[in-house]
Each structure stands twice: as structure tokens, then as C-alpha cells.
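K.L.:
First the structure, then my questions, so here it is.
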Amino acid sequence: MTFETFKNRVTAELIGRLPQGTTITPRRVTKNNNLILDGIVINRDGQILSPTIYLNEYYTACDKEHIPFDDLVADILSAYQNSVPKDVPDIRRLFDFDRIKDNVILRLVNREKNASLLEQTPFVPFCDLAITYLCLVDIHQENDGFISIRNEHLKKWGITPKEMHALAKANTLSKFPAVFQNIADLLPLAPLTDEPFIPRASDLSFPMFVLSNSLRMHGAACLLYDGLLFDIAKKLGGDLIILPSSIHEVLIIPASAATDTDALNHMICEVNATSVAIDEYLSDHVYFYSAETDEVTY
């Protein structure tokens, strides 16, 4: 069965199960790192916000894993019902800057992999990454609870990129404080998997720390928090090595303990290739923070 056939069968089956007046529209979405997903938008009469249900993984489950079609349709229907927010946000607020300005936040992404997106998006270079901006719509909807801020939004709102950056930075610091933890407090003492790249707390020969935010989403942006890396460097006794775990978090090692950056780069590449979702990938190499200059380089 081709993907188009699968999508058409799913659409027909859902129409038969949902209330009369429901419409289903195909939608192709370009996510972070140029990940292209195909989905459907299910809209019922009177519904203001219609989430997108992506079908790519369901198709793989049907085509490769031979999961029964009826079971997949039931899962898709359940995913739709669970994704409709109970407190429906007023989408009209996106056209009113005064109503959304407190919900604009920072995001840190890979610049090269998002080159086409950045042509339409305000951004600030950060090393080989890019600082972009999101508007928080529904904190419970994970990635789909955010809307990317584009150049057209700034034009409509009549604000400059510099003003957007200052506002988003202040909001991010206020809404999502940084969380800094020793990885030994988060990892098990024995492996939960046979995968060789998963470290065990008992195996770590040097201290390693996780830096994210209280939401555990887009937490790599904590690298941009004023004074945070300087305070961490002071606590750890010197310069820092930063491992880009994903867009949601980074790992930090005292530079004095990281003697083999080539091995660390290899580990990052291996983890990215085997464990990090395409749209959550940040970078393939370490970064260096100098406490003397208060700068991140690569």
C-alpha cells in the first residue's frame, strides 16, 4: 500500500467514525531541521483550533511492522481526541501583538539545516546555530503548542528584530528558568538497555551535568541566559565543554576533565544518528565556553 492510499483509507475511515459535518484536510508541514511530515487536519463544526495529526509513523507501522489497519485508525482517532486542547486558545490573538507579546520565547536551532526556513524567519546567529522565536499557544501540546515567528509577523506587528529578541529573551528567562543537574542523579546505576552509547552513572570518570529549562522543551536556549554559563563555570572551577544533546537540553563537562574532544565529538555523532529525532537535532560537535571572555565558541 502506498502512502497516498494509506492516507485516503484513513481519511475515509475517520469520516465514517466522526460526527457529521467533520472535514479532513491533508497538510504537509516542514518542521525543524527541514523535516517534512504529511498529516491531516480534522475540523469539526464550531472548532476553533484544529490540530494536525501526522501520519508518517502510522504508515510505517502499517507497512513495515504490519500493525492491523483498524488498530492504527483507532490510535489516530485517540490521538486526535487527546490533542484537542480543553481550554481552546483564541487564535485571533496572534494578530494582536499586545495579546501575544508575553508568550514569545527563544529557540536555538541548527543554522545550516534550517537555511530555507531562516530566509523567512527573524534570527540571530549564535556560533553555527541560530536563535529563532516561537509564540507559545498551548503548553500541553508539545511542539505543536508553539507557532514559529516569521518575518511577516514582525511586519504586521510593526516591531523590529532587535525588539523581538529583547522581548523573547525576557519572556524565556521569566517563564522557563534554567535547571542544572548532575547526570549521575538522572542515570541508573545499571544499564536499562544494551545500546553501548548510553552511559551509566557508575561508568562516568568525570562529572557531567544536564542543562535545560523547567519545561524540558527547547532547553538548549539556556545557553543564552545572561550570566548562567559564567555562574556554572565558577561552580565547576573553570572553562566548560558543552555537548549539544538536542534542542531540548545540553550536557556540560568541566574543560579540565574533558581531555579527548575527538572522542566526545564521535559520541555526539553516534547519539545523534541513533537516538535523537531529526527535528530535535542541534549539532554534531562540542562547544567551548571561556570563563575569561564569557563567550561560547566552536
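K.L.:
For the chain, which whole percent of the accessible surface, found with a 1.4 angstrom probe, sits on carbon and sulfur atoms? Intermediate values should be presented prior to the final figure.
P.N.:
Working: 7980 of 15820 Å².
Carbon with sulfur: 50 percent of the solvent-accessible area.
K.L.:
Can you work out the accessible area per residue across the stretch 239-295, with the rest of the protein chains kept in place, probe 1.4 Å, in square angstrom?
P.N.:
Numbers: 2530 Å² over 57 residues.
Value for the stretch 239-295: 44 Å² per residue.
K.L.:
Next question, about the same structure. Residue by residue through the stretch 162-179, what is 3J(HN,Hα) from phi via Karplus (6.51 cos²θ - 1.76 cosθ + 1.60, θ = phi - 60°)? Round to whole Hz and write x for glycine and proline.
P.N.:
Ordered by residue, 3J(HN,Hα) equals 5, 5, 4, 5, 4, 5, 5, 5, 5, 5, 5, 4, 6, 7, 10, x, 5, 10 Hz.
K.L.:
Whole Å is fine, so just give me how far the alpha carbon centre of the stretch 142-182 lies from that of the stretch 252-297.
P.N.:
Taking the Cα centre of the stretch 252-297 as reference, the centre of the stretch 142-182 is 25 Å away.
K.L.:
Which FRET efficiency, nearest 0.05, do Ala12 and Tyr298 yield, Cβ-Cβ r, R0 41 Å? Numbers along the way, then the final one.
P.N.:
Values: r = 50 Å, r/R0 = 1.23.
Between Ala12 and Tyr298 the formula returns 0.25.
K.L.:
Sticking with this structure for a sec: With the dipole of the chain worked out from charges on the C-beta (+1 for Lys and Arg, -1 for Asp and Glu) around the Cα centre, which of Ala220, Phe97, Ile232 lies farthest toward the positive end?
P.N.:
Phe97
K.L.:
Scan the chain and report its longest stretch carrying no trypsin sites (Lys or Arg not before Pro) that are both in a DSSP loop and have at most 12 other Cβ atoms within 10 Å.
P.N.:
Numbers: sites that count: Lys64, Lys86, Arg216.
That would be 87-215.
K.L.:
Can you give the calculated 222 nm mean residue ellipticity of the chain, where each DSSP H run of n ≥ 4 adds -39,500 (n - 2.57) and the sum is split over every residue, rounded to the nearest 500 deg cm²/dmol?
P.N.:
Values: 9 runs with 91 residues, N = 298.
Helices in the chain give a 222 nm mean residue ellipticity of -9000 deg cm²/dmol.
K.L.:
Find me the longest stretch of the chain that has none of the exposed GluC sites (Glu not before Pro), where exposed means in a DSSP loop (not H, G, I, E or B) with at most 11 other Cβ atoms within 10 Å.
P.N.:
On the way: sites that count: Glu65, Glu119, Glu292.
Of all site-free stretches, the longest is 120-291.
K.L.:
Taking Cα centroids, how far is the stretch 1-40 from the stretch 107-134 in Å?
P.N.:
Each part reduced to its Cα centre gives a spacing of 29 Å.
K.L.:
Under the 0.36 nm per residue contour assumption, what length would be gained going from the current alpha-carbon distance of His285 and Arg27 to full extension?
P.N.:
The His285-Arg27 span can extend by a further 89.5 nm.
K.L.:
What Kirkwood radius, in Å to one decimal, follows from the Cα pairs of the stretch 5-85?
P.N.:
13.2
K.L.:
Can you sort Met217, Met208, Met1, Met267 by solvent-accessible area, 1.4 Å probe, largest first? Don't skip to the end; give the middle numbers.
P.N.:
Values: Met217 30, Met208 10, Met1 95, Met267 60 Å².
Highest to lowest solvent-accessible surface, that is Met1, Met267, Met217, Met208.
K.L.:
Also: In nm, to one decimal, how far is the modelled label at Asp38 from the one at Lys234, with both set 7 Å along Cα→Cβ?
P.N.:
That separation, rounded to one decimal, is 5.5 nm.
The values are calculated or read from the model by the stated rules, or taken from the named source; none is laboratory data. Predicted model only: the values in this text are computed from it and were never measured. Quick reminder, even Gly has a Cβ in these numbers, built from the backbone with ideal geometry, and neighbours come from all protein chains shown. The accessibility values were calculated without ligands, DNA or RNA, using every heavy atom of the protein model including side chains. Shrake-Rupley method; radii C 1.70, N 1.55, O 1.52, S 1.80 Å.
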